[in-house]
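The values are calculated or read from the model by the stated rules, or taken from the named source; none is laboratory data. The structure presented is a predicted model; accordingly, all values stated were derived computationally and were not measured. Don't worry about glycine lacking a Cβ; one is built from the backbone with ideal geometry, like all the others, and counts go over all protein chains shown.
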Amino acid sequence: MRLARFIVFLLVGSLPISLCSCLARLPVNNTWENVLLALLLSPQSYPTPKPGPLTALYPVNGANWNDYVKADGSSRLNASDTACAGTEKGGYNRCIHGGEMRVVTVHNYSSCSGLSASDSLGAFHWTCDSSNGQVRFVSGGLAEDKHLSDLIDFTSGSFKSNSVTIAVSNSAGVTVASAATTSALWWTNPVIKNPAPGILATSGTINILTTNPAGIFSFSADKIALVSQPGLLIEGSAAVDGHLIDCQNDKFMWLELELNQKDDTNAIRFSNTWFSVMRNVKIQQLGAGGGNAIVVNGGSYNNLIRDIHIGAEDTIRGLENGNLNRYNTFYRIRIAGANYGFYFGDAATADVDNNILIDYIINSNPSAGIICWDSDSNVMLNGGTLFSGAYGTAQVNGVLSQSNLIANQFALNHLQNGLALSQGVGKLGDLNTVGDLALLHHQGAKFALDTDQGSASLNNFFTGRLITGNNTTGDCESAAGSGIITGCTPDLASNFTYTAGQTAAGSFVGRILADDTANTADTNGSLGINPGDLIHFENSYRTTARDMGDVANAANVNRCGNGATACRIWDWRLKATDNVLRSTLALPSGNDVYYHLWDESNQSDCESIPGAVWQAQLCSRPGWVTSAACMGAGGTWSTGLCSSTFLRRAFERLNDGIGNENGLCESGEVCIYTPNIGPYQGHGNLISAGTFTDGILTGITLLKYSTNGI
């Protein structure tokens, strides 16, 4: 700043005396120095941007909401604008949601340096791109905590007008010039206000609810959105095993709803539904006898299910990703009180493979938090399970679930195992990768980690950190050949660092003792034995649980409410003073990677998965990294394998238009560093996490949250 002060001194010295005397009365600090520099330098050096009109990036087949085009370019920004058929394999991002992709060109700049963009609704994430010889800003997608409902005026029953402001900043980071596009409507979809319950049959419509329809909905056309006004809890009267919202044999649907799930009903079903979105869905179930909150089954592929909050007193399952489902992405999932929290597979022949679950909190389940049942090659990153009457995460019931990745998860205070890779009779749970795991305060007669319950789980790979403590029976029950040996000793290729004797008693913000301003029913955080609101909270890390003291208290196990046990709001963010789960994972380099095997048997299907490679130099048994070691351990090297390589301790920043948007951090992408074990990774603005060192992966930009801990 000394140089800046010297420049200001020289420039001010050449100004008229009257202006100098005014400037002299301003406070002398860095902010004013920057402002002075901006005033003095901007007229010559920073021309006002000249934005062109805002248009759809893909105007032929991607102009409207729920329009999708094939992701057939070298990036998401240069696809051919060919309509998706909706039968493509590989994941939600095999097609590009054209409705979220808007573009504006800046005509008088040749570089992105110093330029930024924002829209007047604050709804989109904007990325500057100059790869085609022009400077342009593209909306990669909706910003975090923004949804389709933020684009709608529920009073008038129409889209809101929006505009984009292009700003230019000087080298000191001060905005010195800006210009905006004309405020306009960006989509021409018909908006239908308060449609009658029944069958919605008009493709391309945005159906909005501002009053409780007291009925159920199904669909007979593709490209339909159904959105409830935020804060409006809607309900119907579905029959036993019926569905309040039923998407069956549909494509390109969009649901944003707050639902009151009555007894003996399922709230939402996707069956044989492809390339569809559930976003900002809240489901509350009070009383006894509820079915499943969300059921995804019947061969549903390539769906995006994110920002889900389920609060239940007696549902069978919170979220079932069931029979024959593949390539679905689940992001920011919160489930409290369901008998089973999250289900991968619903039968011994479920064949539920190649799904991705990122950022989850599943707690207070009478049975288990997460179940994998005939489910292979699924990825689970950055999550936590608590207070289950059985298992935190388990692979069960006499069928093979293999090649799953569980990374960066805590499992706390379950009545049985925190992680069971073998539960039941039969050959179970083989070839899994487990990284950065914390298992604490398990109260029952079973070990916190069990790979040998009923049958042995073989050839697993444990890596990163393994943190244990205060587990009543013990930490690890396992045998040679499983990847870990009783006593938590590495086996086979496993290379984890073991830390015992830890406690999470002081790790979390925990029980809330003041009013949650977003909850309609709490009194100083307490909801009593008959809670009225299980789904509205000040932040996404809050759920309900029993009101039984600290996280380590065994009495917290099982659901609350239903006229029996008092509920309280809990906050699962980490305290700034925590040193068990917080800031325990080092910044990764390009050589800190996971190799993940997908369940694909041919090159065509393999390469349909964004980022996947057919027959890379890789072992069929996780952890072995050379051909000789692999084959010496009984594995197959390279032949017939489909794999992805992605960074440990990070996930891809979503909706920025950069990378393949699958949530896994791969070369050339912008990613968020995860220093903590569990879902909470900090809060505030995203800032640089430091210089990334290239290795097996290259060209990654790592960000982190500016504040880590409360």
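What are the pairs with Cβ atoms under 6 angstrom where one residue, in region 362-373, is within 13 Å of ALA411 (Cβ to Cβ) and free of Cβ contacts under 8 Å to residues at least 40 places away in the same chain and the other, located anywhere, is assigned to a strand (DSSP E or B) and hydroxyl-bearing (Ser, Thr, Tyr)? Sequence gap at least six, or different chains.
Partner pairs satisfying both residue conditions: ALA368/TYR340; ILE370/THR393.
Farther than 30 Å from VAL168 by Cα, surrounded by fewer than 22 Cβ atoms within 10 Å (Cβ to Cβ) and hydroxyl-bearing (Ser, Thr, Tyr): does that describe THR105?
No.
For region 675-687, name all the residues that are over 13 Å from the mean Cα position of the chain (by Cα) and under 21 Å from ASP656 (Cα atoms).
GLY682, HIS683, GLY684, ASN685, LEU686, ILE687, listed by residue number.
Quick one: which strands (runs of 3 or more DSSP E) sit completely within region 203-291 and have at least 1 residues that are out of contact with any Lys or Arg (no Cβ under 8 Å at 6 or more places or on another chain) and in contact (Cβ under 8 Å) with a residue 24 or more places away in the chain?
206-209, 217-219, 225-228, 242-248, 258-261, 265-271, 277-285
Is there a residue being under 26 Å from GLY635 (Cβ atoms) and surrounded by fewer than 19 Cβ atoms within 10 Å (Cβ to Cβ) anywhere in region 426-447?
Yes, because at least one residue in region 426-447 is under 26 Å from GLY635 (Cβ atoms) and surrounded by fewer than 19 Cβ atoms within 10 Å (Cβ to Cβ).
Specify the residue that is nearest to LEU185 (Cα to Cα); the eligible residues are those in region 65-82 that are surrounded by fewer than 22 Cβ atoms within 10 Å (Cβ to Cβ) and among the acidic types (Asp, Glu).
That would be ASP81.
Per-residue answers, yes or no, for (1) in contact (Cβ under 8 Å) with a residue 60 or more places away in the chain; (2) of a type outside the set (Val, Ile, Thr):
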| position | (1), (2) |
| --- | --- |
| SER627 | no, yes |
| THR639 | no, no |
| SER643 | no, yes |
| PHE646 | no, yes |
| GLU652 | no, yes |
| ILE658 | yes, no |
| GLU661 | yes, yes |
| GLY668 | no, yes |
| CYS671 | no, yes |
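So that you can scan it fast, the table gives a plain yes or no per residue for (1) buried (at least 16 other Cβ atoms within 10 Å of the Cβ); (2) at pLDDT 95 or above; (3) assigned to a loop (DSSP other than H, G, I, E, B):
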{"position": "ILE535", "(1), (2), (3)": "yes, yes, yes"}
{"position": "ALA545", "(1), (2), (3)": "yes, yes, no"}
{"position": "ALA552", "(1), (2), (3)": "yes, yes, yes"}
{"position": "ALA576", "(1), (2), (3)": "no, yes, yes"}
{"position": "VAL580", "(1), (2), (3)": "yes, yes, yes"}
{"position": "GLY590", "(1), (2), (3)": "yes, yes, yes"}
{"position": "TYR594", "(1), (2), (3)": "yes, yes, no"}
{"position": "ARG621", "(1), (2), (3)": "yes, yes, yes"}
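Against the definition (touching a strand residue (DSSP E or B) at 6+ places or on another chain (Cβ under 6 Å) and surrounded by fewer than 15 Cβ atoms within 10 Å (Cβ to Cβ)), how does GLN603 come out, yes or no?
yes
Do the conditions hold for LEU492, that is, is it in a loop (DSSP other than H, G, I, E, B) and not acidic (Asp, Glu)?
Yes: the conditions hold for LEU492.
So GLU88 clears everything in (1) under 27 Å from ASP605 (Cα atoms); (2) assigned to a strand (DSSP E or B); (3) more than 21 Å from the chain's Cα centre (by Cα) except one condition, right? Which one?
Against the list (1) under 27 Å from ASP605 (Cα atoms); (2) assigned to a strand (DSSP E or B); (3) more than 21 Å from the chain's Cα centre (by Cα), GLU88 comes up short only on (2).
Which one is nearest to the chain's Cα centre (by Cα), of the residues in region 611-647 that are more than 29 Å from ILE658 (Cβ to Cβ) and among the hydroxyl-bearing types (Ser, Thr, Tyr)?
Across region 611-647, the extreme among qualifying residues is SER620.
Rundown of residues vs (1) part of a strand (DSSP E or B); (2) touching a residue at least 40 places away in the same chain (Cβ under 8 Å); (3) surrounded by fewer than 24 Cβ atoms within 10 Å (Cβ to Cβ), yes/no style:
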site: ASN323; (1), (2), (3): no, no, yes
site: ARG334; (1), (2), (3): yes, yes, no
site: GLY341; (1), (2), (3): yes, yes, no
site: LEU357; (1), (2), (3): yes, no, no
site: TYR360; (1), (2), (3): yes, yes, no
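Any residue in region 175-194 that is of a type in the set (Lys, Arg) sitting within a Cβ distance under 7 Å of a residue that is buried (at least 18 other Cβ atoms within 10 Å of the Cβ)? List the pairs, counting only those 6 or more apart or interchain.
Going by the 7 Å Cβ cut-off, the qualifying pairs are LYS193/ILE208.
Take region 513-533 and flag every residue that is in a loop (DSSP other than H, G, I, E, B), of a type in the set (S, T, N, Q) and loosely packed, with under 15 Cβ neighbours inside 10 Å.
Listed by number, the residues that qualify are THR517, THR520, ASN524.
Return the residues of region 655-700 that are polar (S, T, N, Q), surrounded by 18 or more Cβ atoms within 10 Å (Cβ to Cβ) and under 30 Å from LEU412 (Cα atoms); say none if nothing qualifies.
The answer is ASN662, THR674, ASN676, GLN681.
Just name the residue that is surrounded by the fewest Cβ atoms within 10 Å (Cβ to Cβ) out of those in region 214-228 that are farther than 17 Å from TRP65 by Cβ and at pLDDT 95 or above.
Out of the qualifying residues, it is SER220.
If only one of GLY506, GLY510, GLY525 is under 24 Å from the mean Cα position of the chain (by Cα), within 21 Å of TYR680 (Cα to Cα) and at pLDDT 95 or above, which one is it?
When all the criteria are applied, what remains is GLY510.
Restricting region 623-646 to residues that are β-branched (Val, Ile, Thr) and exposed (fewer than 15 other Cβ atoms within 10 Å of the Cβ), which is farthest from ARG326 (Cα to Cα)?
THR626
Could you please give the count of residues in region 70-85 that are farther than 19 Å from ALA56 by Cβ and touching a residue at least 24 places away in the same chain (Cβ under 8 Å)?
Summing the residues that are farther than 19 Å from ALA56 by Cβ and touching a residue at least 24 places away in the same chain (Cβ under 8 Å) in region 70-85 gives 0.
Please specify each residue of region 168-189 satisfying the condition of being more than 30 Å from the chain's Cα centre (by Cα), in a loop (DSSP other than H, G, I, E, B) and at pLDDT 95 or above.
THR181, THR182, SER183
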